[in-house]
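Asks: Here it is, the structure, as C-alpha coordinates.
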Amino acid sequence: MSQPNPGPHQQPGQHPQWAQQTQPSPYGLGGAAQYQPSPPPKKGMPAWAIVLITLGGIFVCIMFIGALAGGGDSGSETKRATTAESPKSDASKAADPKPADKPAQKPAEPAPVQITVKKTAFKPSVLHGGGDFTSVEVTITNNSDEEIDVNPLYFSITDTDGSKHNAELGMDENQMDLMDLAPGEKTTGVITGKGAFTPKYVTYTDGLFGDGVRGDVS
(Lines give C-alpha, C1' and ligand atoms only; values in the text may rest on other atoms or scores of the structure.)
Protein backbone atom coordinates (compact mmCIF):
# COMPACT_ATOMS: atom_id res chain seq x y z
CA MET A 1 0.00 0.00 0.00
CA SER A 2 1.39 3.35 -0.93
CA GLN A 3 1.69 6.23 1.74
CA PRO A 4 0.50 9.73 1.05
CA ASN A 5 3.01 12.26 0.05
CA PRO A 6 3.87 14.85 2.66
CA GLY A 7 2.45 18.28 2.16
CA PRO A 8 4.43 21.31 1.45
CA HIS A 9 4.82 22.15 5.13
CA GLN A 10 5.12 18.61 6.39
CA GLN A 11 8.41 17.04 7.15
CA PRO A 12 8.96 13.57 5.92
CA GLY A 13 8.05 10.80 8.36
CA GLN A 14 5.57 12.93 10.45
CA HIS A 15 1.91 12.03 10.56
CA PRO A 16 -0.15 15.07 9.88
CA GLN A 17 -3.11 14.19 12.19
CA TRP A 18 -0.90 13.34 15.18
CA ALA A 19 1.00 16.52 14.78
CA GLN A 20 -2.28 18.44 14.82
CA GLN A 21 -3.49 16.73 17.93
CA THR A 22 -0.30 17.15 19.99
CA GLN A 23 0.30 20.80 19.11
CA PRO A 24 0.63 22.67 22.48
CA SER A 25 -1.89 25.32 23.39
CA PRO A 26 -0.59 28.80 23.67
CA TYR A 27 -2.14 29.00 27.19
CA GLY A 28 -0.60 25.72 28.42
CA LEU A 29 -4.07 24.33 29.36
CA GLY A 30 -5.05 22.52 26.23
CA GLY A 31 -7.10 23.63 23.40
CA ALA A 32 -10.25 23.95 25.44
CA ALA A 33 -8.85 26.97 27.32
CA GLN A 34 -9.12 29.08 24.25
CA TYR A 35 -12.90 28.96 24.44
CA GLN A 36 -13.51 29.70 28.23
CA PRO A 37 -16.01 32.61 28.64
CA SER A 38 -14.84 35.82 30.36
CA PRO A 39 -16.36 36.60 33.82
CA PRO A 40 -19.44 38.84 33.84
CA PRO A 41 -18.76 42.50 34.70
CA LYS A 42 -19.47 43.56 38.30
CA LYS A 43 -22.72 45.39 38.83
CA GLY A 44 -22.39 49.01 40.16
CA MET A 45 -24.44 50.69 43.03
CA PRO A 46 -28.06 51.39 42.08
CA ALA A 47 -28.87 54.95 41.16
CA TRP A 48 -31.51 55.37 43.89
CA ALA A 49 -28.92 54.46 46.59
CA ILE A 50 -26.51 57.09 45.28
CA VAL A 51 -29.30 59.69 45.38
CA LEU A 52 -30.22 58.83 49.00
CA ILE A 53 -26.60 59.02 50.18
CA THR A 54 -26.14 62.38 48.48
CA LEU A 55 -29.33 63.80 50.05
CA GLY A 56 -28.33 62.46 53.50
CA GLY A 57 -24.94 64.17 53.30
CA ILE A 58 -26.57 67.48 52.32
CA PHE A 59 -29.06 67.21 55.22
CA VAL A 60 -26.27 66.56 57.76
CA CYS A 61 -24.33 69.59 56.49
CA ILE A 62 -27.44 71.80 56.79
CA MET A 63 -28.10 70.61 60.35
CA PHE A 64 -24.48 71.25 61.39
CA ILE A 65 -24.48 74.77 59.93
CA GLY A 66 -27.83 75.51 61.61
CA ALA A 67 -26.51 74.35 64.98
CA LEU A 68 -23.48 76.63 64.70
CA ALA A 69 -25.64 79.58 63.70
CA GLY A 70 -28.13 78.92 66.52
CA GLY A 71 -25.38 78.72 69.16
CA GLY A 72 -23.94 82.03 68.05
CA ASP A 73 -27.35 83.76 68.16
CA SER A 74 -28.12 82.35 71.61
CA GLY A 75 -24.85 83.66 73.02
CA SER A 76 -25.48 87.08 71.50
CA GLU A 77 -29.03 87.23 72.88
CA THR A 78 -27.82 86.22 76.34
CA LYS A 79 -25.13 88.89 76.24
CA ARG A 80 -27.62 91.54 75.09
CA ALA A 81 -30.09 90.53 77.82
CA THR A 82 -27.40 90.76 80.50
CA THR A 83 -26.28 94.15 79.19
CA ALA A 84 -29.86 95.41 79.16
CA GLU A 85 -30.55 94.27 82.73
CA SER A 86 -27.41 95.81 84.23
CA PRO A 87 -28.65 99.44 84.17
CA LYS A 88 -31.95 98.32 85.69
CA SER A 89 -30.16 96.68 88.58
CA ASP A 90 -28.10 99.83 89.17
CA ALA A 91 -31.26 101.94 89.08
CA SER A 92 -32.97 99.64 91.58
CA LYS A 93 -30.04 99.99 93.94
CA ALA A 94 -30.18 103.76 93.61
CA ALA A 95 -33.95 103.82 94.16
CA ASP A 96 -33.84 101.50 97.16
CA PRO A 97 -30.90 102.60 99.28
CA LYS A 98 -30.10 100.45 102.25
CA PRO A 99 -31.67 102.01 105.32
CA ALA A 100 -29.17 103.30 107.79
CA ASP A 101 -28.86 101.31 110.96
CA LYS A 102 -30.80 102.90 113.75
CA PRO A 103 -28.76 103.76 116.79
CA ALA A 104 -29.39 101.48 119.72
CA GLN A 105 -31.91 103.00 122.05
CA LYS A 106 -30.65 103.73 125.49
CA PRO A 107 -32.66 102.26 128.33
CA ALA A 108 -35.05 104.76 129.82
CA GLU A 109 -33.68 106.42 132.89
CA PRO A 110 -35.70 105.76 136.03
CA ALA A 111 -37.82 108.54 137.49
CA PRO A 112 -36.15 110.59 140.24
CA VAL A 113 -38.60 109.12 142.74
CA GLN A 114 -40.42 105.81 142.37
CA ILE A 115 -43.10 104.24 144.52
CA THR A 116 -44.58 100.77 144.43
CA VAL A 117 -47.80 99.93 146.27
CA LYS A 118 -49.53 96.72 147.29
CA LYS A 119 -52.49 95.85 149.49
CA THR A 120 -52.01 94.95 153.12
CA ALA A 121 -54.21 94.29 156.16
CA PHE A 122 -54.90 97.11 158.59
CA LYS A 123 -53.23 96.50 161.96
CA PRO A 124 -54.59 98.86 164.66
CA SER A 125 -52.04 100.59 166.82
CA VAL A 126 -52.44 101.55 170.47
CA LEU A 127 -53.74 104.90 169.27
CA HIS A 128 -56.62 103.37 167.30
CA GLY A 129 -59.90 104.44 168.96
CA GLY A 130 -62.24 102.46 166.70
CA GLY A 131 -63.75 102.85 163.25
CA ASP A 132 -62.82 101.51 159.77
CA PHE A 133 -59.44 102.18 158.20
CA THR A 134 -57.71 100.94 155.05
CA SER A 135 -53.95 100.44 154.76
CA VAL A 136 -51.53 99.97 151.86
CA GLU A 137 -47.83 99.09 151.91
CA VAL A 138 -45.64 101.60 150.04
CA THR A 139 -41.96 101.33 148.99
CA ILE A 140 -40.34 104.61 147.97
CA THR A 141 -36.98 104.80 146.14
CA ASN A 142 -34.81 107.90 145.67
CA ASN A 143 -33.20 107.76 142.16
CA SER A 144 -32.30 111.45 142.11
CA ASP A 145 -29.00 113.13 142.92
CA GLU A 146 -30.47 114.92 145.92
CA GLU A 147 -31.84 113.94 149.29
CA ILE A 148 -35.65 113.71 149.62
CA ASP A 149 -37.98 113.94 152.65
CA VAL A 150 -40.27 111.05 153.55
CA ASN A 151 -43.36 111.80 155.65
CA PRO A 152 -46.68 109.88 155.87
CA LEU A 153 -48.47 113.21 155.40
CA TYR A 154 -46.91 113.49 151.91
CA PHE A 155 -49.00 110.47 150.76
CA SER A 156 -52.66 110.16 149.76
CA ILE A 157 -54.79 107.19 148.68
CA THR A 158 -57.32 107.31 145.81
CA ASP A 159 -59.97 104.58 145.74
CA THR A 160 -61.70 102.91 142.80
CA ASP A 161 -64.56 105.43 143.04
CA GLY A 162 -62.13 108.31 142.52
CA SER A 163 -62.34 109.54 146.15
CA LYS A 164 -59.08 110.78 147.71
CA HIS A 165 -58.15 109.78 151.27
CA ASN A 166 -55.43 111.63 153.16
CA ALA A 167 -53.06 109.65 155.34
CA GLU A 168 -54.09 109.16 158.99
CA LEU A 169 -51.23 109.30 161.51
CA GLY A 170 -50.77 106.70 164.26
CA MET A 171 -53.64 104.37 163.23
CA ASP A 172 -51.55 101.44 161.87
CA GLU A 173 -48.72 99.97 163.90
CA ASN A 174 -46.60 99.63 160.70
CA GLN A 175 -46.96 103.27 159.69
CA MET A 176 -44.13 104.69 157.52
CA ASP A 177 -41.51 106.63 159.51
CA LEU A 178 -40.39 110.17 158.98
CA MET A 179 -36.89 110.25 157.41
CA ASP A 180 -34.59 111.68 154.78
CA LEU A 181 -33.65 109.42 151.83
CA ALA A 182 -30.22 109.91 150.31
CA PRO A 183 -29.69 109.26 146.56
CA GLY A 184 -30.05 105.54 145.83
CA GLU A 185 -31.83 104.71 149.12
CA LYS A 186 -35.35 103.33 149.62
CA THR A 187 -37.74 102.57 152.50
CA THR A 188 -41.02 100.69 153.05
CA GLY A 189 -43.91 101.53 155.34
CA VAL A 190 -47.73 101.57 155.66
CA ILE A 191 -50.01 104.44 154.68
CA THR A 192 -53.52 104.38 156.15
CA GLY A 193 -56.72 106.13 155.09
CA LYS A 194 -59.95 106.54 157.00
CA GLY A 195 -62.90 104.36 155.99
CA ALA A 196 -63.43 101.02 154.28
CA PHE A 197 -62.67 101.33 150.55
CA THR A 198 -60.77 99.67 147.73
CA PRO A 199 -57.47 101.52 147.05
CA LYS A 200 -56.53 102.18 143.38
CA TYR A 201 -53.31 104.20 143.54
CA VAL A 202 -51.14 106.23 145.94
CA THR A 203 -49.69 109.68 145.28
CA TYR A 204 -46.50 111.00 146.88
CA THR A 205 -45.84 114.76 146.87
CA ASP A 206 -42.40 115.89 148.04
CA GLY A 207 -42.61 118.76 150.50
CA LEU A 208 -46.38 119.08 149.98
CA PHE A 209 -45.78 121.50 147.11
CA GLY A 210 -43.57 119.42 144.79
CA ASP A 211 -44.56 117.33 141.78
CA GLY A 212 -46.66 114.29 142.59
CA VAL A 213 -45.44 110.71 141.92
CA ARG A 214 -48.10 108.04 141.58
CA GLY A 215 -47.95 104.27 142.06
CA ASP A 216 -50.79 101.86 141.23
CA VAL A 217 -51.91 99.37 143.83
CA SER A 218 -51.10 95.77 142.94
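The values are calculated or read from the model by the stated rules, or taken from the named source; none is laboratory data. What you see is a predicted model, and the numbers here were worked out from it, not measured in a lab. All Cβ positions, even for glycine, are placed from backbone atoms using ideal geometry, and neighbour counts span all protein chains on display. Please note that ligands, DNA and RNA were not included when accessible areas were found on the heavy atoms of the full protein model with its side chains. Shrake-Rupley method; radii C 1.70, N 1.55, O 1.52, S 1.80 Å.
Asks: Given F133, F197, F155, which one is more than 53 Å from the chain's Cα centre (by Cα), surrounded by fewer than 18 Cβ atoms within 10 Å (Cβ to Cβ) and aromatic (F, W, Y)? Give the steps one after another, and end with the answer.
Replies: On the way: F133 fails: surrounded by fewer than 18 Cβ atoms within 10 Å (Cβ to Cβ); F155 fails: surrounded by fewer than 18 Cβ atoms within 10 Å (Cβ to Cβ).
Selected residue: F197, the only one of F133, F197, F155 that is more than 53 Å from the chain's Cα centre (by Cα), surrounded by fewer than 18 Cβ atoms within 10 Å (Cβ to Cβ) and aromatic (F, W, Y).
Asks: Ok, one more. Given the conditions (1) surrounded by 15 or more Cβ atoms within 10 Å (Cβ to Cβ); (2) in a strand (DSSP E or B), and given that H128 satisfies all but one, which numbered condition is not satisfied?
Replies: Failing condition for H128: (2).
Asks: Now a separate question. Working only within region 170-194, note down all residues that are surrounded by 16 or more Cβ atoms within 10 Å (Cβ to Cβ) and either in a strand (DSSP E or B) or aromatic (F, W, Y) (or both).
Replies: Going residue by residue through region 170-194, those that are surrounded by 16 or more Cβ atoms within 10 Å (Cβ to Cβ) are 171-172, 174-176, 181, 189-193.
Selection gives D172, Q175, L181, G189, V190, I191, T192, G193.
Asks: Which of the residues that make up region 205-218 are open to solvent by less than 40 Å² (accessible area, probe 1.4 Å), at pLDDT below 95 and in a strand (DSSP E or B)? Full working, then the answer.
Replies: Taking region 205-218 as the starting set, the residues that turn out to be open to solvent by less than 40 Å² (accessible area, probe 1.4 Å) are 205, 207, 210, 213, 215, 217.
Okay, now just the ones that are also at pLDDT below 95, so 205, 207, 210, 213.
Listed by number, the residues that qualify are T205, V213.
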